[in-house]
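Participant: Would you mind keeping the following structure in view while I ask a few things?
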Amino acid sequence: MKHAFSAKDIASKASPITLVVANEEETTGQTNWSPTMHWMHLLVLLAVSIGLLIPQVRNFFLISGHRWAYVMIVAFAVSFSLNPVCSWLGFKLGILDQPDSRKHHRYATPLLGGAAVFTGFLCALLFNGIFSVELGVILVASFLLFVVGIIDDVREISAGIKLVSQLGCTLLVVGSGIILRVIPDTFGAISLAGNVVLTFMWIIGITNAMNFFDGMDGLAGGLGALISFFLGIVAFQTNQPFLGWVAVAMMGGCLGFLPYNFRIKGQARIFLGDAGSTVIGFLLACIAVYGEWAEANPIAALVSPILIFWILIFDMVHITVERILTGKVLNFRQWIEYVGRDHLHHRLANALGGRKKSVLFIYLMCLCLGTSAVVLRNARTVDAILLIVQASIIVILITVLERRGRYANGTTKQELD
C-alpha cells in the first residue's frame, strides 16, 4: 500500500480532495463532506475531546469506578477527531496509497490513519497518568517503529530494513525485562535464551501478521479493537487493571478510526498505513508478553493470549507453510519480501463473494476464539488444551470450506467488488 505521487505532483493538479469527491459522486452517487462541513465537524469533535480533559469530568469517571470507560472515551474522541486532520495532511503531503491492479480501492487514499490511532492511544495514557518504566520502553520502541512506518509510507523501504527496525525495537522491549516465561527456569541460561528467542518470534510475528491483515477496509483496525477488548477483559479478570487500561486505550483508538475506514457504502476515506498496522500489532504483542494471563496455571496463562491472537497466528503459519510447499518462496529473503493474495481474508472473500463479508466473518471468528480465552481464568490445564484443540479444529474446518467454496464458485483468481 504505497503512493506514487509526491506533494509537488499533487500541488500541480487540482485539489486532490475535490478530485476524489468528484470521482466518488460520479461512480457511486455519494456526496462527501464539503470543506466547510469538514472543519465544522472537526471543531465540534475537538471541543468534545477538550471537554473530556476537564478535571470534574475525569473525576466523575474515577469516583464512579469507571476509569476504564474514561480511558477508552478519550482515546476514541482524540482518534476520531484527528482522522479528518490526518486525511487532510495525507493529501497535502502526498502520503497516499495509489490504486493499481493489485489493490481494491479506486482512488488515492491517505495513509495517516495510524497517526490518529497512535495519538489517541498516547493521549488516553498521558491524561490518565498510566505509566511504568516497562510501558515507557514499549512506547519508545513503538514510536521508533511508527517513524519507520511513516518513512515507508512516504518512500518505500525494503523488507530487510523494516525487519531490522523491528528487531531493534523488540530488543529494547526485551532489554527492559519484558520476556515470555514459557520455558521453566530450571534449565538456567538455556531457559533464558529460549524464552528470549520465543519473545522475539512472538512480537515480530504478531507485528507482521497485523500488517498483513491490513489488506481490506476495516480489517486491521477491527481486529486491533477486538484483540484489545479481550486483552482488557482478561487483564481485569486477573487483577491487572494497569494492563486493562492500556488495552482499552488501544481499543478506543482503533474504534475512533473505523468509521472512516470501514464504511457501509463507498471506499475508505483513510488507511492505517504501515505505520499504523505495524504499531498496533507491536503494541498488542508487547501487552500480551507484559501480562500474566491466569492465576497459578502457566498453561492457561500461555493459552489465553494465543486464543486471542489465534487468527493472526493461524494466517501467518498457513501462508508460510503453503508458500514453502508450493515453491513460491525458496529462502528467507523471498519469504519476507513476498507479497501475495493468499491471506485468510483474500481466501474468504473469494469463498463468500465479497470483501465486507470476509471482514465480518473474521470479526466473528475473533469473537468466538476471544470468548474462549475469557473463560480460562479458573480453567484447569486440560481445559486450556481442549480449547486450543477446538480453535485448531475451527480453523481447519474454515480452511476446508473456503477452499471448496473457491473451487465451486470458480473465483480463486477473481477480483471481487
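The values are calculated or read from the model by the stated rules, or taken from the named source; none is laboratory data. Owing to the predicted nature of the structure, the values given are computational and were not obtained by experimental measurement. Ideal geometry is used to build each Cβ from the backbone, glycine not excepted, and the neighbour counts take in all protein chains shown.
Participant: Kindly evaluate A159 against the criterion of being surrounded by 22 or more Cβ atoms within 10 Å (Cβ to Cβ) and under 20 Å from the mean Cα position of the chain (by Cα). Full working, then the answer.
Facilitator: Values: surrounded by 22 or more Cβ atoms within 10 Å (Cβ to Cβ): no; under 20 Å from the mean Cα position of the chain (by Cα): yes.
No; evaluated as a whole, the condition is false for this residue.
Participant: Among residues belonging to the range 220-247 that are more than 12 Å from L284 (Cβ to Cβ) and of a type in the set (F, W, Y), point out the one that is surrounded by the most Cβ atoms within 10 Å (Cβ to Cβ).
Facilitator: Taking the candidates together, the pick is W245.
Participant: Can you tell which of D217, D185 is of a type in the set (D, E, K, R), surrounded by 14 or more Cβ atoms within 10 Å (Cβ to Cβ) and in the same structural domain as Q267 (by TED's automatic domain parsing)?
Facilitator: D217
Participant: Based on what the data block shows, is F230 touching a Cys at 6+ places or on another chain (Cβ under 9 Å) and among the aromatic types (F, W, Y)? I'd like the intermediate steps shown before the answer.
Facilitator: Details: touching a Cys at 6+ places or on another chain (Cβ under 9 Å): yes; among the aromatic types (F, W, Y): yes.
Considered against the rule, which asks whether it is touching a Cys at 6+ places or on another chain (Cβ under 9 Å) and among the aromatic types (F, W, Y), F230 comes out as yes.
Participant: I'd like the residue in the range 371-380 that is among the polar types (S, T, N, Q) and at pLDDT 85 or above and, out of all such residues, is nearest to the chain's Cα centre (by Cα).
Facilitator: The initial filter retains those residues of the range 371-380 that are among the polar types (S, T, N, Q), namely 371-372, 378.
Now narrow it down to the ones that are at pLDDT 85 or above: 371-372.
On the way: T371: 19, S372: 21 Å.
Ranking the candidates gives T371 first.
Participant: Given the residues V279, V303, which is the only one that is in contact with a helix residue (DSSP H, G or I) (Cβ under 6 Å, 6 or more places away or on another chain), touching a residue at least 60 places away in the same chain (Cβ under 8 Å), in a helix (DSSP H, G or I) and in the same structural domain as P99 (by TED's automatic domain parsing)? Talk me through it step by step, then tell me what you get.
Facilitator: On the way: V303 fails: in the same structural domain as P99 (by TED's automatic domain parsing).
None of the others qualify; the one that does is V279.
For (1) outside the structural domain of N211 (by TED's automatic domain parsing); (2) modelled with pLDDT under 70; (3) part of a helix (DSSP H, G or I), each residue gets a yes or a no:
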| residue | (1), (2), (3) |
| --- | --- |
| E25 | no, yes, yes |
| Q30 | no, yes, no |
| L46 | no, no, yes |
| V57 | no, no, yes |
| L62 | no, no, yes |
| M72 | no, no, yes |
| V78 | no, no, yes |
| P84 | no, no, yes |
| F91 | no, no, yes |
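Participant: Please list, ordered by first then second residue, the pairs with beta carbon atoms under 6 Å, 6 or more apart or interchain, first in the range 321-344 and assigned to a loop (DSSP other than H, G, I, E, B), second among the hydroxyl-bearing types (S, T, Y).
Facilitator: Filtered contacts from the range 321-344: V329/Y338.
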